[in-house]
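Visitor: Supplied in structure tokens, the structure appears directly below.
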Amino acid sequence: MRVASNKVQDLISFYQNELKEVYAPGEINFIVQQSFKHFVNFNSTDLIIKKNDNLNQSDLLHLYDCCKALKEHKPLQYILGETVFYGLTFKVDASVLIPRPETEELVELILKDTQRVDRLSILDIGTGSGCIPVSLKKNKPEWEVSAIDISKNALDVAKQNAELNNCSVNFFLKSILSEREYAELGNFDIIVSNPPYIARQEEAQMHERVKNYEPHIALFVEDSDALLFYRNIIDFCKTHLNINGQLYFELNPIYANAIKTLAEGSEQFKEVSLLKDLSGNIRFLKAIK
Ligand code: GLN
């Protein structure tokens, strides 16, 4: 891997050339823009009008290392250490899942459903980067927002994200699989979760970017008990979700009907529905107690 010179244009050509087997041309453009923005503070106009400028040695090295890591399939968000979710900046590292656009839709769904409700309490289960509670709290400062995760490292990142976005969220290190641990959590008007939902049998078809870099604890469930988290959260709702409260899940389309059956079978909800994401896949469940 060699860069022809320190010129901005040569760096751009270097990215295009090195990454052509890993990313589509449109994705490379996006990556170039994000990387130059992050390391050199260039916007997209700078990329054009300063294309013959020379980069200093340190900027050149950062951009070079970034390209090398991208070629090894490391996700851009982990290289830059941040991403944007629901219009807010979130810090991410290898201990948390990179927040996905589907999860932005989940946040949007909750905010839309609750337009007229001022004060309510909400719990996010398996919060990872904290993207769900932080973006909710940012948009609804009057809500009492709490979140749990089993990973201390993830929770540290989530706390930093709440601070970064200037909002206060109650974080607890707890497992939703342990009644003893979660028993003393209070009651909530809304419970939301995007738990691990990829079956091990799907691992082979997954992109290296995901399976080699994102935390497996956040991604996978064992094929033998793929509904483990959903079942436990539905059980948790029996004692910790208020009457008229709502449960929201993000889910894997292949398990959508099974999860709906589980929710209905728990005989606590007066309404259970499945909803599609923008790509047309069944992606969310909403249940009203
Ligand atoms: N709640 C976080 C998110 O939606 C983490 C989800 C997870 O790790 N399964 O991105």
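The values are calculated or read from the model by the stated rules, or taken from the named source; none is laboratory data. Everything numeric in this text was worked out from a predicted model, so none of it was measured. Counting neighbours? That spans all protein chains shown, and the Cβs are built from the backbone with ideal geometry, glycine included. Accessible surface is based on the protein model in full, side chains and every heavy atom, while ligands, DNA and RNA are left aside. Shrake-Rupley method; radii C 1.70, N 1.55, O 1.52, S 1.80 Å.
Visitor: In the stretch 120-142, what residues are open to solvent by less than 10 Å² (accessible area, probe 1.4 Å) and more than 9 Å from the ligand (Cβ to nearest atom)?
Guide: Answer for the stretch 120-142, where residues must be open to solvent by less than 10 Å² (accessible area, probe 1.4 Å) and more than 9 Å from the ligand (Cβ to nearest atom): Ile122, Leu123, Val134, Ser135, Leu136.
Visitor: Then there is this: Name the residue that is surrounded by the fewest Cβ atoms within 10 Å (Cβ to Cβ), counting only residues in the stretch 188-204 that are more than 9 Å from the ligand (Cβ to nearest atom), in a strand (DSSP E or B) and not β-branched (Val, Ile, Thr).
Guide: It comes out as Ala199.
Visitor: Quick one: which residue in Ile122, Ile132 is among the aliphatic types (A, V, I, L, M), touching a residue at least 40 places away in the same chain (Cβ under 8 Å) and part of a helix (DSSP H, G or I)?
Guide: Only one candidate qualifies: Ile132.
Visitor: So in the stretch 143-161, with the set limited to residues that are of a type outside the set (Phe, Trp, Tyr) and in a loop (DSSP other than H, G, I, E, B), which one is most open to solvent (accessible area, probe 1.4 Å)?
Guide: Ile150
Visitor: Restricting to the stretch 94-119, name every residue that is surrounded by 17 or more Cβ atoms within 10 Å (Cβ to Cβ) and in a loop (DSSP other than H, G, I, E, B).
Guide: Selection gives Ser95, Val96, Leu97, Ile98, Pro99, Thr114.
Condition check ((1) aliphatic (A, V, I, L, M); (2) more than 16 Å from the ligand (Cβ to nearest atom)) across all residues:
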{"position": "Val22", "(1), (2)": "yes, yes"}
{"position": "Asn56", "(1), (2)": "no, yes"}
{"position": "Leu63", "(1), (2)": "yes, yes"}
{"position": "Cys66", "(1), (2)": "no, yes"}
{"position": "Pro75", "(1), (2)": "no, no"}
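Visitor: Does any residue in the stretch 156-185 that is under 14 Å from Phe90 (Cβ atoms) come within less than 7 Å, Cβ to Cβ, of a residue that is in a strand (DSSP E or B) and open to solvent by less than 20 Å² (accessible area, probe 1.4 Å) six or more places away or on a different chain, and which pairs are these?
Guide: Final answer for the pair search is Ala158/Ala147; Ala158/Asp149; Asn161/Phe90; Val169/Val145; Val169/Ser146; Val169/Ala147.
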